[in-house]
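Trainee: Here it is, the structure in full.
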Amino acid sequence: MSFYTNDGYLYCEDIKVKHIQDRIPNSPIYLYSLNRILENYKAYKEALDGIPSIISYALKANSNLTIARHLREAGASATLVSGNELKIAMAAGFDPKLVTYNGNGKTTAELSMAVLHGVMVNIDSEFDLQHIKKAAAETRKTANVTLRINPDVDSEVHPYVATGFKNSKFGIMNERLDWYLKEIENSSGLNLVGLHCHLGSTIKKVRVFQDAMKIMIHFFKEIREKGFNLKYLNLGGGLGIDYEKNQPIPTPSELIDSIRDYLIPDLTLIVEPGRSMIGDASILITRVTGVKTNGSKNFIVIDGSMAELIRPCLYDAYHHIGFIEPVTGEKKVFDIVGPICESADFLGKDRELPTPHETAGLVVYDVGAYCYIMSSNYNLKMRPAEYLVNGNQLIRIRRAETMDDYMRLFENDPVAI
Ligand SMILES: Cc1ncc(COP(=O)(O)O)c(C=O)c1O
(Lines give C-alpha, C1' and ligand atoms only; values in the text may rest on other atoms or scores of the structure.)
Protein backbone atom coordinates (compact mmCIF):
# COMPACT_ATOMS: atom_id res chain seq x y z
CA MET A 1 0.00 0.00 0.00
CA SER A 2 1.28 3.47 -0.80
CA PHE A 3 -0.67 5.89 1.43
CA TYR A 4 -2.90 4.62 4.26
CA THR A 5 -4.00 5.57 7.75
CA ASN A 6 -3.46 3.49 10.86
CA ASP A 7 -4.60 4.64 14.35
CA GLY A 8 -5.15 8.14 12.96
CA TYR A 9 -1.59 8.39 11.59
CA LEU A 10 -0.85 8.61 7.87
CA TYR A 11 1.74 6.23 6.43
CA CYS A 12 3.65 6.37 3.16
CA GLU A 13 4.60 2.77 2.38
CA ASP A 14 6.32 1.58 5.61
CA ILE A 15 7.00 4.99 7.14
CA LYS A 16 4.83 7.05 9.46
CA VAL A 17 4.56 10.48 7.82
CA LYS A 18 4.57 12.25 11.22
CA HIS A 19 7.95 10.65 11.85
CA ILE A 20 9.25 12.22 8.64
CA GLN A 21 7.82 15.63 9.50
CA ASP A 22 9.37 15.54 12.96
CA ARG A 23 12.81 14.84 11.56
CA ILE A 24 12.92 17.28 8.65
CA PRO A 25 13.46 20.96 9.40
CA ASN A 26 11.81 22.29 6.23
CA SER A 27 8.08 22.59 5.75
CA PRO A 28 6.18 22.12 3.53
CA ILE A 29 7.68 19.14 1.70
CA TYR A 30 6.64 16.94 -1.20
CA LEU A 31 6.67 13.22 -0.42
CA TYR A 32 6.50 10.55 -3.15
CA SER A 33 5.81 6.82 -3.02
CA LEU A 34 8.04 4.88 -5.43
CA ASN A 35 5.76 1.89 -5.15
CA ARG A 36 2.78 3.96 -6.37
CA ILE A 37 4.75 5.32 -9.36
CA LEU A 38 5.85 1.84 -10.42
CA GLU A 39 2.33 0.44 -9.94
CA ASN A 40 0.96 3.19 -12.18
CA TYR A 41 3.55 2.34 -14.84
CA LYS A 42 2.72 -1.36 -14.51
CA ALA A 43 -0.97 -0.63 -15.14
CA TYR A 44 -0.07 0.82 -18.56
CA LYS A 45 2.43 -1.97 -19.28
CA GLU A 46 -0.17 -4.65 -18.57
CA ALA A 47 -2.88 -2.80 -20.50
CA LEU A 48 -0.62 -2.70 -23.58
CA ASP A 49 0.52 -6.31 -23.34
CA GLY A 50 0.69 -7.78 -26.84
CA ILE A 51 0.43 -4.41 -28.59
CA PRO A 52 3.57 -2.89 -30.17
CA SER A 53 3.72 0.25 -28.07
CA ILE A 54 5.71 2.92 -26.28
CA ILE A 55 4.70 4.31 -22.89
CA SER A 56 6.05 7.80 -23.15
CA TYR A 57 6.02 9.50 -19.75
CA ALA A 58 5.12 13.20 -20.05
CA LEU A 59 7.94 14.94 -18.22
CA LYS A 60 5.90 18.14 -18.09
CA ALA A 61 3.83 16.63 -15.27
CA ASN A 62 6.87 16.16 -13.04
CA SER A 63 10.46 16.36 -14.20
CA ASN A 64 12.28 15.31 -11.04
CA LEU A 65 15.40 13.53 -12.30
CA THR A 66 15.23 10.62 -9.85
CA ILE A 67 11.61 9.93 -10.74
CA ALA A 68 12.42 10.14 -14.46
CA ARG A 69 15.27 7.66 -13.93
CA HIS A 70 13.01 5.21 -12.10
CA LEU A 71 10.47 5.34 -14.90
CA ARG A 72 13.17 4.88 -17.54
CA GLU A 73 14.53 1.87 -15.63
CA ALA A 74 10.99 0.43 -15.50
CA GLY A 75 10.83 0.69 -19.32
CA ALA A 76 9.16 4.01 -20.08
CA SER A 77 10.16 6.46 -22.77
CA ALA A 78 9.59 10.22 -22.45
CA THR A 79 7.49 12.96 -24.02
CA LEU A 80 8.88 16.48 -24.01
CA VAL A 81 7.58 19.97 -24.43
CA SER A 82 10.82 21.94 -24.20
CA GLY A 83 14.54 21.79 -24.87
CA ASN A 84 15.24 21.76 -21.15
CA GLU A 85 13.03 18.70 -20.78
CA LEU A 86 15.24 17.08 -23.43
CA LYS A 87 18.23 17.80 -21.18
CA ILE A 88 16.44 16.09 -18.25
CA ALA A 89 15.49 13.17 -20.51
CA MET A 90 19.12 12.76 -21.58
CA ALA A 91 20.34 13.01 -17.98
CA ALA A 92 17.80 10.33 -17.02
CA GLY A 93 19.13 8.08 -19.78
CA PHE A 94 16.10 7.89 -22.06
CA ASP A 95 16.82 6.74 -25.64
CA PRO A 96 16.38 9.99 -27.61
CA LYS A 97 15.22 8.10 -30.71
CA LEU A 98 12.10 6.95 -28.88
CA VAL A 99 11.47 10.31 -27.24
CA THR A 100 8.79 12.58 -28.72
CA TYR A 101 8.91 16.37 -28.69
CA ASN A 102 5.63 18.29 -28.83
CA GLY A 103 4.87 21.97 -28.73
CA ASN A 104 3.38 24.87 -30.62
CA GLY A 105 6.31 27.23 -30.03
CA LYS A 106 9.50 25.21 -30.25
CA THR A 107 12.43 27.59 -30.81
CA THR A 108 14.98 27.01 -33.55
CA ALA A 109 17.67 26.36 -30.90
CA GLU A 110 15.46 23.75 -29.22
CA LEU A 111 14.69 22.13 -32.56
CA SER A 112 18.36 21.91 -33.54
CA MET A 113 19.14 20.17 -30.25
CA ALA A 114 16.23 17.75 -30.72
CA VAL A 115 17.11 16.92 -34.34
CA LEU A 116 20.77 16.48 -33.44
CA HIS A 117 19.83 13.88 -30.83
CA GLY A 118 17.45 12.06 -33.19
CA VAL A 119 14.31 12.87 -31.18
CA MET A 120 10.94 12.42 -32.93
CA VAL A 121 9.66 15.94 -33.51
CA ASN A 122 6.00 16.76 -33.80
CA ILE A 123 5.13 19.23 -36.58
CA ASP A 124 2.65 21.69 -35.11
CA SER A 125 2.25 24.38 -37.78
CA GLU A 126 3.52 25.65 -41.14
CA PHE A 127 6.20 27.78 -39.48
CA ASP A 128 7.16 24.88 -37.22
CA LEU A 129 7.71 22.68 -40.27
CA GLN A 130 10.01 25.31 -41.81
CA HIS A 131 11.93 25.60 -38.54
CA ILE A 132 12.38 21.82 -38.32
CA LYS A 133 13.57 21.76 -41.93
CA LYS A 134 16.12 24.44 -41.09
CA ALA A 135 17.27 22.53 -38.00
CA ALA A 136 17.72 19.40 -40.14
CA ALA A 137 19.77 21.35 -42.72
CA GLU A 138 21.93 23.02 -40.06
CA THR A 139 22.64 19.82 -38.17
CA ARG A 140 22.95 17.78 -41.41
CA LYS A 141 20.59 15.21 -39.96
CA THR A 142 17.29 13.78 -41.12
CA ALA A 143 14.55 14.73 -38.69
CA ASN A 144 12.06 12.00 -37.84
CA VAL A 145 8.79 13.88 -37.68
CA THR A 146 5.17 13.26 -36.75
CA LEU A 147 2.20 15.44 -37.68
CA ARG A 148 -0.03 16.76 -34.92
CA ILE A 149 -3.62 16.43 -36.12
CA ASN A 150 -6.50 18.04 -34.27
CA PRO A 151 -9.24 15.41 -34.04
CA ASP A 152 -11.67 18.10 -32.80
CA VAL A 153 -13.05 15.80 -30.10
CA ASP A 154 -14.55 17.28 -26.95
CA SER A 155 -12.55 15.83 -24.05
CA GLU A 156 -15.07 17.29 -21.54
CA VAL A 157 -12.40 18.79 -19.32
CA HIS A 158 -11.58 22.26 -17.95
CA PRO A 159 -10.98 24.55 -20.97
CA TYR A 160 -7.44 25.29 -19.79
CA VAL A 161 -6.46 21.62 -20.21
CA ALA A 162 -8.43 20.83 -23.40
CA THR A 163 -5.97 20.56 -26.30
CA GLY A 164 -7.60 18.77 -29.22
CA PHE A 165 -10.21 21.19 -30.51
CA LYS A 166 -10.28 22.61 -34.03
CA ASN A 167 -9.70 26.11 -32.57
CA SER A 168 -6.90 24.98 -30.27
CA LYS A 169 -3.50 26.71 -30.38
CA PHE A 170 -1.93 23.28 -30.96
CA GLY A 171 -1.63 21.19 -34.09
CA ILE A 172 -2.00 21.70 -37.82
CA MET A 173 -5.06 22.86 -39.71
CA ASN A 174 -6.31 19.50 -40.97
CA GLU A 175 -7.57 21.02 -44.23
CA ARG A 176 -3.92 21.82 -45.08
CA LEU A 177 -2.80 18.20 -44.69
CA ASP A 178 -1.91 17.83 -48.39
CA TRP A 179 0.32 20.89 -48.22
CA TYR A 180 2.21 19.36 -45.27
CA LEU A 181 2.60 16.03 -47.03
CA LYS A 182 3.96 17.71 -50.18
CA GLU A 183 6.42 19.77 -48.14
CA ILE A 184 7.66 16.66 -46.32
CA GLU A 185 7.90 14.67 -49.55
CA ASN A 186 10.00 17.40 -51.12
CA SER A 187 12.31 17.84 -48.11
CA SER A 188 15.27 15.50 -47.93
CA GLY A 189 15.74 16.43 -44.27
CA LEU A 190 12.30 15.26 -43.10
CA ASN A 191 11.14 11.68 -42.59
CA LEU A 192 7.47 11.33 -41.66
CA VAL A 193 7.23 8.45 -39.17
CA GLY A 194 3.85 8.95 -37.57
CA LEU A 195 0.85 10.93 -36.45
CA HIS A 196 0.06 12.53 -33.14
CA CYS A 197 -2.93 14.03 -31.42
CA HIS A 198 -3.52 15.29 -27.94
CA LEU A 199 -7.02 15.55 -26.54
CA GLY A 200 -6.54 17.15 -23.16
CA SER A 201 -5.80 16.25 -19.57
CA THR A 202 -7.94 14.88 -16.67
CA ILE A 203 -10.11 12.87 -19.13
CA LYS A 204 -12.73 10.73 -17.42
CA LYS A 205 -14.37 8.98 -20.38
CA VAL A 206 -12.81 6.34 -22.62
CA ARG A 207 -15.28 7.37 -25.33
CA VAL A 208 -13.09 10.45 -25.88
CA PHE A 209 -10.10 8.25 -26.78
CA GLN A 210 -12.24 5.97 -28.89
CA ASP A 211 -13.70 8.86 -30.90
CA ALA A 212 -10.22 10.27 -31.48
CA MET A 213 -8.83 6.85 -32.41
CA LYS A 214 -11.43 6.41 -35.16
CA ILE A 215 -10.49 9.77 -36.65
CA MET A 216 -6.75 9.24 -36.30
CA ILE A 217 -6.83 5.77 -37.86
CA HIS A 218 -8.69 7.24 -40.80
CA PHE A 219 -5.89 9.81 -41.31
CA PHE A 220 -3.25 7.15 -40.70
CA LYS A 221 -4.59 4.87 -43.45
CA GLU A 222 -5.11 7.74 -45.86
CA ILE A 223 -1.51 8.95 -45.46
CA ARG A 224 -0.12 5.42 -45.76
CA GLU A 225 -2.08 4.99 -48.99
CA LYS A 226 -0.31 8.07 -50.29
CA GLY A 227 2.97 6.18 -49.93
CA PHE A 228 4.26 7.39 -46.55
CA ASN A 229 5.74 4.71 -44.37
CA LEU A 230 3.99 5.63 -41.12
CA LYS A 231 4.88 3.58 -38.07
CA TYR A 232 3.74 5.49 -34.96
CA LEU A 233 0.32 6.58 -33.86
CA ASN A 234 0.65 8.76 -30.79
CA LEU A 235 -2.73 8.89 -29.11
CA GLY A 236 -2.05 11.60 -26.60
CA GLY A 237 -4.60 12.52 -24.01
CA GLY A 238 -4.30 12.12 -20.30
CA LEU A 239 -6.50 10.00 -18.07
CA GLY A 240 -7.75 11.79 -15.00
CA ILE A 241 -7.11 10.61 -11.47
CA ASP A 242 -9.56 10.36 -8.60
CA TYR A 243 -8.85 13.68 -6.86
CA GLU A 244 -12.27 13.61 -5.19
CA LYS A 245 -11.75 10.04 -3.89
CA ASN A 246 -15.17 8.96 -5.12
CA GLN A 247 -15.08 9.31 -8.92
CA PRO A 248 -15.12 6.43 -11.40
CA ILE A 249 -11.96 7.02 -13.46
CA PRO A 250 -11.18 4.61 -16.31
CA THR A 251 -8.10 2.45 -15.84
CA PRO A 252 -5.35 2.24 -18.49
CA SER A 253 -6.76 -1.21 -19.38
CA GLU A 254 -10.21 0.24 -20.00
CA LEU A 255 -8.66 2.96 -22.15
CA ILE A 256 -6.66 0.51 -24.28
CA ASP A 257 -9.55 -1.98 -24.54
CA SER A 258 -11.72 0.81 -25.94
CA ILE A 259 -9.35 1.37 -28.88
CA ARG A 260 -7.90 -2.10 -29.37
CA ASP A 261 -10.26 -3.02 -32.23
CA TYR A 262 -9.12 -0.06 -34.31
CA LEU A 263 -5.43 -1.00 -34.29
CA ILE A 264 -3.98 -2.07 -37.63
CA PRO A 265 -0.88 -4.12 -38.56
CA ASP A 266 2.60 -2.57 -38.41
CA LEU A 267 1.47 0.24 -36.16
CA THR A 268 3.25 1.12 -32.93
CA LEU A 269 0.96 2.85 -30.49
CA ILE A 270 2.38 5.65 -28.35
CA VAL A 271 0.60 6.83 -25.22
CA GLU A 272 1.93 9.78 -23.25
CA PRO A 273 0.59 9.73 -19.70
CA GLY A 274 1.76 12.25 -17.13
CA ARG A 275 -0.89 12.80 -14.47
CA SER A 276 -2.05 9.17 -14.33
CA MET A 277 1.57 8.06 -13.88
CA ILE A 278 2.59 10.37 -11.07
CA GLY A 279 -0.40 12.38 -9.82
CA ASP A 280 -1.55 10.11 -6.98
CA ALA A 281 2.02 9.21 -6.00
CA SER A 282 2.71 12.30 -3.95
CA ILE A 283 1.43 14.31 -1.00
CA LEU A 284 2.25 17.81 0.20
CA ILE A 285 2.96 17.80 3.93
CA THR A 286 2.40 21.13 5.62
CA ARG A 287 2.10 22.49 9.15
CA VAL A 288 -0.78 24.41 10.63
CA THR A 289 0.29 27.95 11.50
CA GLY A 290 -2.98 28.87 13.16
CA VAL A 291 -6.78 28.87 13.01
CA LYS A 292 -8.93 31.99 12.65
CA THR A 293 -12.50 33.10 12.00
CA ASN A 294 -13.59 36.18 10.02
CA GLY A 295 -17.28 36.92 9.54
CA SER A 296 -18.93 33.60 8.79
CA LYS A 297 -15.69 31.95 7.57
CA ASN A 298 -13.31 29.68 9.44
CA PHE A 299 -9.75 29.40 8.17
CA ILE A 300 -6.95 26.94 8.75
CA VAL A 301 -3.77 28.82 7.86
CA ILE A 302 -0.90 26.53 6.82
CA ASP A 303 2.67 27.03 5.63
CA GLY A 304 1.85 25.55 2.21
CA SER A 305 0.33 27.86 -0.38
CA MET A 306 -0.45 28.62 -4.01
CA ALA A 307 3.31 29.10 -4.47
CA GLU A 308 3.87 25.36 -3.96
CA LEU A 309 0.54 24.18 -5.35
CA ILE A 310 -1.28 26.43 -7.77
CA ARG A 311 -3.86 23.99 -9.13
CA PRO A 312 -6.74 24.99 -6.81
CA CYS A 313 -6.24 28.65 -7.68
CA LEU A 314 -5.52 28.14 -11.38
CA TYR A 315 -8.14 25.54 -12.29
CA ASP A 316 -10.39 25.64 -9.26
CA ALA A 317 -9.10 22.10 -8.82
CA TYR A 318 -10.10 19.91 -5.87
CA HIS A 319 -7.41 18.20 -3.80
CA HIS A 320 -8.37 15.98 -0.89
CA ILE A 321 -7.10 17.33 2.47
CA GLY A 322 -6.59 15.63 5.83
CA PHE A 323 -4.18 15.36 8.74
CA ILE A 324 -1.15 13.14 9.14
CA GLU A 325 -1.90 12.61 12.85
CA PRO A 326 -4.96 12.34 15.12
CA VAL A 327 -6.72 15.70 15.46
CA THR A 328 -9.61 15.79 17.86
CA GLY A 329 -10.79 19.44 17.94
CA GLU A 330 -14.38 20.47 17.22
CA LYS A 331 -15.52 19.71 13.66
CA LYS A 332 -16.11 22.83 11.57
CA VAL A 333 -16.20 23.90 7.95
CA PHE A 334 -12.89 25.54 6.99
CA ASP A 335 -11.13 27.13 4.06
CA ILE A 336 -7.53 25.92 4.03
CA VAL A 337 -5.35 28.86 3.06
CA GLY A 338 -1.68 29.78 2.85
CA PRO A 339 0.27 32.86 3.91
CA ILE A 340 0.50 34.42 0.42
CA CYS A 341 -0.83 37.94 0.11
CA GLU A 342 -3.66 37.02 -2.34
CA SER A 343 -7.20 35.89 -1.71
CA ALA A 344 -6.58 33.33 -4.47
CA ASP A 345 -4.21 31.58 -2.08
CA PHE A 346 -6.33 28.63 -1.00
CA LEU A 347 -5.73 24.89 -1.18
CA GLY A 348 -9.23 23.82 -0.27
CA LYS A 349 -12.58 25.47 0.36
CA ASP A 350 -15.50 24.53 2.59
CA ARG A 351 -13.95 21.38 4.04
CA GLU A 352 -15.39 19.82 7.15
CA LEU A 353 -12.42 19.03 9.40
CA PRO A 354 -11.66 18.82 13.13
CA THR A 355 -10.13 22.05 14.47
CA PRO A 356 -6.36 21.44 14.49
CA HIS A 357 -3.78 22.57 17.03
CA GLU A 358 -0.93 24.79 15.89
CA THR A 359 1.92 22.83 14.18
CA ALA A 360 -0.42 19.90 13.39
CA GLY A 361 0.56 18.16 10.14
CA LEU A 362 -1.95 18.85 7.37
CA VAL A 363 -1.70 16.85 4.15
CA VAL A 364 -2.83 17.69 0.62
CA TYR A 365 -3.21 14.58 -1.53
CA ASP A 366 -2.53 13.80 -5.20
CA VAL A 367 0.08 16.46 -5.82
CA GLY A 368 2.50 14.45 -7.98
CA ALA A 369 1.49 16.05 -11.29
CA TYR A 370 1.52 19.74 -12.20
CA CYS A 371 2.22 20.89 -8.64
CA TYR A 372 5.91 21.11 -7.79
CA ILE A 373 6.62 21.79 -11.45
CA MET A 374 4.27 24.79 -11.42
CA SER A 375 5.61 26.16 -8.13
CA SER A 376 6.92 29.71 -7.87
CA ASN A 377 8.80 32.09 -5.61
CA TYR A 378 5.81 34.37 -5.14
CA ASN A 379 6.07 36.31 -1.87
CA LEU A 380 9.64 34.94 -1.89
CA LYS A 381 8.60 31.50 -0.79
CA MET A 382 11.40 29.07 -1.62
CA ARG A 383 10.55 25.90 -3.50
CA PRO A 384 10.19 22.94 -1.13
CA ALA A 385 12.29 19.80 -0.92
CA GLU A 386 11.10 16.54 -2.49
CA TYR A 387 11.47 13.17 -0.76
CA LEU A 388 10.88 9.67 -2.06
CA VAL A 389 9.82 6.70 0.04
CA ASN A 390 10.87 3.21 -1.03
CA GLY A 391 9.57 0.73 1.54
CA ASN A 392 11.18 1.84 4.79
CA GLN A 393 13.77 4.03 3.08
CA LEU A 394 13.48 7.80 2.81
CA ILE A 395 15.51 9.49 0.07
CA ARG A 396 15.79 13.22 -0.53
CA ILE A 397 15.44 13.65 -4.29
CA ARG A 398 15.64 17.45 -4.39
CA ARG A 399 16.81 19.76 -1.66
CA ALA A 400 14.78 22.80 -0.69
CA GLU A 401 15.64 25.98 -2.51
CA THR A 402 17.32 28.56 -0.26
CA MET A 403 17.45 32.32 -0.15
CA ASP A 404 21.14 31.99 -1.11
CA ASP A 405 20.10 30.20 -4.33
CA TYR A 406 17.73 33.04 -5.02
CA MET A 407 20.15 35.86 -4.18
CA ARG A 408 22.82 34.34 -6.43
CA LEU A 409 20.88 35.36 -9.57
CA PHE A 410 20.94 39.09 -8.81
CA GLU A 411 23.59 41.12 -10.59
CA ASN A 412 24.30 44.62 -11.73
CA ASP A 413 26.22 44.11 -14.98
CA PRO A 414 26.33 46.78 -17.68
CA VAL A 415 25.30 45.24 -21.02
CA ALA A 416 26.89 46.42 -24.26
CA ILE A 417 24.23 47.23 -26.87
C1 LIG B 1 1.34 16.94 -25.64
C2 LIG B 1 1.06 16.42 -24.28
N3 LIG B 1 1.44 15.18 -23.97
C4 LIG B 1 1.19 14.64 -22.75
C5 LIG B 1 0.55 15.36 -21.78
C6 LIG B 1 0.29 14.70 -20.45
O7 LIG B 1 -1.06 14.65 -20.15
P8 LIG B 1 -1.56 14.05 -18.74
O9 LIG B 1 -0.69 14.63 -17.70
O10 LIG B 1 -2.95 14.48 -18.64
O11 LIG B 1 -1.41 12.58 -18.83
C12 LIG B 1 0.11 16.65 -22.05
C13 LIG B 1 -0.63 17.41 -21.06
O14 LIG B 1 -1.46 18.23 -21.30
C15 LIG B 1 0.39 17.20 -23.34
O16 LIG B 1 0.00 18.45 -23.66
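The values are calculated or read from the model by the stated rules, or taken from the named source; none is laboratory data. Only a predicted model underlies this, so the values are computations on that prediction, with no experimental measurement involved. Because the Cβ atoms are built from the backbone with ideal geometry, glycine has one as well, and the counts that use them run over all protein chains shown. Just the protein is used for accessible areas: all its heavy atoms, side chains included, with ligands, DNA and RNA removed. Shrake-Rupley method; radii C 1.70, N 1.55, O 1.52, S 1.80 Å.
Trainee: Place a point 7 Å from Cα of residue 406 in the direction of its Cβ. Which residues in the stretch 369-396 have their backbone N less than 18 Å from it?
Mentor: 372-386
Trainee: May I ask which of 141/169; 45/245; 297/331 have a Cα-Cα span longer than 20 Å here?
Mentor: 141/169; 45/245
Trainee: While we're on this one: Can you give me the distance in nm between label points at residue 182 and residue 415, each placed 7 Å from the Cα along the Cα-to-Cβ direction?
Mentor: Simple spin-label model gives 4.2 nm for this pair.
Trainee: Right, here's the next one. Report, in deg cm²/dmol and to the nearest 500, the calculated mean residue ellipticity at 222 nm for the chain, where each DSSP H run with n ≥ 4 adds -39500 (n - 2.57) and the sum is divided by the residue count.
Mentor: It comes out at -8000 deg cm²/dmol, rounded to the nearest 500.
Trainee: Run a plain Debye calculation on the stretch 64-180 (Cα atoms as equal point scatterers, no solvent) and give log10 I(q)/I(0) at q = 0.11, 0.19, 0.20 Å⁻¹, rounded to two decimals, same order as the q list.
Mentor: One equal scatterer on each Cα of the stretch 64-180 leads to -0.40, -1.02, -1.08.
Trainee: Output the peptides 191-197, 103-109 sorted from most to least packed, where packing is the average of other Cβ atoms within 10 Å over each peptide's residues.
Mentor: 191-197, 103-109
Trainee: Here's something else I'd like to know. Determine the order of 228, 209 by accessible area, beginning with the largest, at a probe radius of 1.4 Å.
Mentor: 228, 209
Trainee: Using heavy-atom solvent-accessible surface (probe 1.4 Å) with all chains present, what is the largest-first order of 33, 53?
Mentor: 53, 33
Trainee: Any idea what the alpha-carbon Rg over 2.2 N^0.38 Å comes to for the chain?
Mentor: 1.05
Trainee: Right, here's the next one. Please report the Cα spread of the stretch 99-273 along all three principal axes, rounded to whole Å, starting with the longest.
Mentor: On the principal axes, the stretch 99-273 reaches 53, 33, 28 Å in Cα extent.
Trainee: Give me the log10 of I(q) over I(0) for the stretch 293-337 at q = 0.15, 0.27 Å⁻¹, as the Debye formula computes it from C-alpha points; what are the numbers?
Mentor: Debye curve over Cα of the stretch 293-337, log10 I(q)/I(0) at q = 0.15, 0.27 Å⁻¹: -0.48, -1.20.
Trainee: Explain nothing, just the number: relative contact order of the stretch 99-273, from Cα pairs under 8 Å at least 6 residues apart, as a whole percent. Could the numbers behind the result be given before it?
Mentor: Numbers: 329 pairs, mean separation 32.9, N = 175.
Relative CO of the stretch 99-273 lands at 19 percent.
Trainee: I want to check the label-to-label distance for residue 245 and residue 108. Put each point 7 Å from Cα in the C-beta direction and report it in nm to one decimal.
Mentor: 5.3
Trainee: Among 65-73, 20-28, 258-266, what's the highest-first ranking by average C-beta atoms within 10 angstrom per residue?
Mentor: Ranking, from highest mean packing down: 65-73, 20-28, 258-266.
Trainee: Taking only C-alpha pairs under 8 Å that are 6+ residues apart, what is the relative contact order of the chain in percent?
Mentor: 19
Trainee: I'd like the accessible area for residue 19: 1.4 Å probe, protein heavy atoms, all chains in place, Å² to the nearest 10.
Mentor: Approximately 90 Å² for this residue.
Trainee: Rounded to the nearest 20 debye, what is the charge dipole size of the stretch 99-273 about its Cα centre when +1 sits on each Lys and Arg Cβ and -1 on each Asp and Glu Cβ?
Mentor: So the magnitude is around 320 debye.
Trainee: Roll a 1.4 Å probe over the protein chains and send me the accessible area per residue for the stretch 308-410 in Å².
Mentor: 48
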